[in-house]
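The values are calculated or read from the model by the stated rules, or taken from the named source; none is laboratory data. Source: prediction; values computed, not measured. Cβ sites come from the backbone with ideal geometry, for glycine too, and all protein chains shown count toward neighbours.
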Amino acid sequence: MRTYAYLRSEIMYSESEIVHSNRKCNALFYIDARRSHELTHMLQLVQQQTKEHIQSILGESMNQKTLLHAMRNLATFIAILCAVPVWSWASTLVPSSDLKLTTQSTSQKTDTQQLTETLMDYMEGVANGEPARLRKAFHPDFKLYTVKQDDSLLIRSGEQYISNIKLGEKIPRQGRILSIDVENNVATAKVEIVMPKFRVYTDYFLLVKYQGSWKIIQKSYTFKDIPPHKNRILFITSNQHTYGETKLNTANHFDEIVTAYDIFKKQGYTVDFVSPEGGAIPLGYIQTSNPTHKEYLYNADFMRLLQHTLKPAQINPTDYQAVYYSGGGAAMFGVAENVEIQAISSKIHQQGGVISAICHGTAGIVNLKNSQGVSLFANKKVTGFPDLFEDTKADYYKTFPFSIDKETSKNGGNFVYSKKFGDNFFIVDGRIITGQDPSATASVANKVIEALQKP
């Protein structure tokens, strides 16, 4: 197998596509997997070539701040291709001493950072009863536009809106930013507000950069009622960027996320993402020649969900019919031992829901127990990525907190697997559905749907 690496030095797999550039600052380049020990040196060379190439374009006299800005612009382009956080990518290109130039004063924050802060002032100001934060977020001429049930247009001023917010009164609502689009001093944004067991609101904002800061000048919204814990599936992912405490990069498996997500969405299910820490999760194993990968890689709303995964504390188990543990090396870390995630999954199973996992995602279920303290998969068949396909002598494997095979068996499960990689091997044993490797992702998703649709 051949692999390609991008400048952040994570490795992603591609079977057919060759990505290249005729310029000095190649965004992607191929390496032989057997020569991965040379990766660090090769990356350093490419990073230096990138820096020299930008300097040759903009002039040798450019200062470090200008260089950093130019390299970030290049990082933005490459990050779109690779679906990685722009700042993380740019950080690998510039010495830490140079990064001190970017202190987080308002004037030096990016527009996206400032817009995020403005939107957070709005979301948290409403949720926590903080009128002052709303006044900070709103332009003096803010207007709310909404269509009433009688089809008439309701227009409210910022002060009218704020007058309904009682100081210190908490409102049970969870907000997340779905998209931000900036053009000079004008921006639009889309925010999802969930009021558990009631409604999901979608807010649309128009913002302007006013006297050095971003202000909301218009808001409109729509909403839909939440059906009681029907047609909702929770994806469980990992925040881990490296194998253990090493510098070896790892990630969540993009195919195991988007293939299952696509199937569930087309069958009418709502999918939410949770991770131990919430927020952005690392992604890998992306194939831009795969139509499904490409569709979701360039879907801003979907990628925003992965950038803003929910925290376990934001999850109400009664809202979900199933959980799905995606894999990738990252799945070995932070998930299995998270007691909040354990409680969520166990509750969903207790109320008749399905527990599913794919590949290394099976690591996440090894500690799940029922209300009597018995393993959820005791005396049941379970599969996942077996040690047979791991390089047990490699540095990455030595960081694993446990073997999926052995831990499953130790906790009472009957771990089974195919000796052939990629043959769509999966197991359905009651309401426990597991797949061995990425080839079984679609089958696991379809079997989950079958289980949920049984009368």
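Kindly state which helices (runs of 4 or more DSSP H) lie completely within the range 108-187 and contain at least 1 residues that are surrounded by 14 or more Cβ atoms within 10 Å (Cβ to Cβ) and among the β-branched types (Val, Ile, Thr). If you could, list the steps in order and put the result at the bottom.
Numbers: elements: 111-127, 131-137, 158-163.
Per the criteria, 111-127, 158-163.
For the residues Ala378, Ala394, Ala445, the requirement of being in contact (Cβ under 8 Å) with a residue 60 or more places away in the chain and either in contact with a strand residue (DSSP E or B) (Cβ under 8 Å, 6 or more places away or on another chain) or among the hydrophobic types (A, V, I, L, M, F, W, C) (or both) singles out Ala445. Every condition in (1) surrounded by fewer than 19 Cβ atoms within 10 Å (Cβ to Cβ); (2) within 24 Å of Asn370 (Cβ to Cβ); (3) modelled with pLDDT of 95 or more is met by Pro291 except one, and the failing one is (2). Filter the range 347-381 down to the residues that are among the hydroxyl-bearing types (Ser, Thr, Tyr) and surrounded by fewer than 20 Cβ atoms within 10 Å (Cβ to Cβ), then identify the one that is farthest from Asn424 (Cα to Cα). Only one residue fits best here, namely Ser371.
Restricting the first member to the range 423-440 and to residues that are among the hydroxyl-bearing types (Ser, Thr, Tyr), and the second to residues that are in a loop (DSSP other than H, G, I, E, B), the beta-carbon pairs closer than 9 Å and six or more apart or on different chains are Thr434/Phe377; Thr434/Thr383; Thr434/Gly384; Ser439/Phe421; Ser439/Gly422; Ser439/Asp423; Ser439/Asn424; Ser439/Phe425. I'd like the full set of residues that are of a type outside the set (Val, Ile, Thr) and at pLDDT below 95, limited to the range 222-240. Those that are of a type outside the set (Val, Ile, Thr) and at pLDDT below 95: Phe223, Lys224, Asp225, Pro227, Pro228, His229, Lys230, Asn231, Arg232.
Condition test on Val339, is it over 26 Å from Gly244 (Cα atoms) and β-branched (Val, Ile, Thr)? It is false that Val339 is over 26 Å from Gly244 (Cα atoms) and β-branched (Val, Ile, Thr).
The residue of the range 272-285 that is surrounded by the most Cβ atoms within 10 Å (Cβ to Cβ), among those that are aliphatic (A, V, I, L, M) and at pLDDT 95 or above, is Ile281. Against the conditions (1) more than 30 Å from Tyr325 (Cβ to Cβ); (2) of a type outside the set (Ser, Thr, Tyr); (3) at pLDDT below 95, Phe205 satisfies every one except (3).
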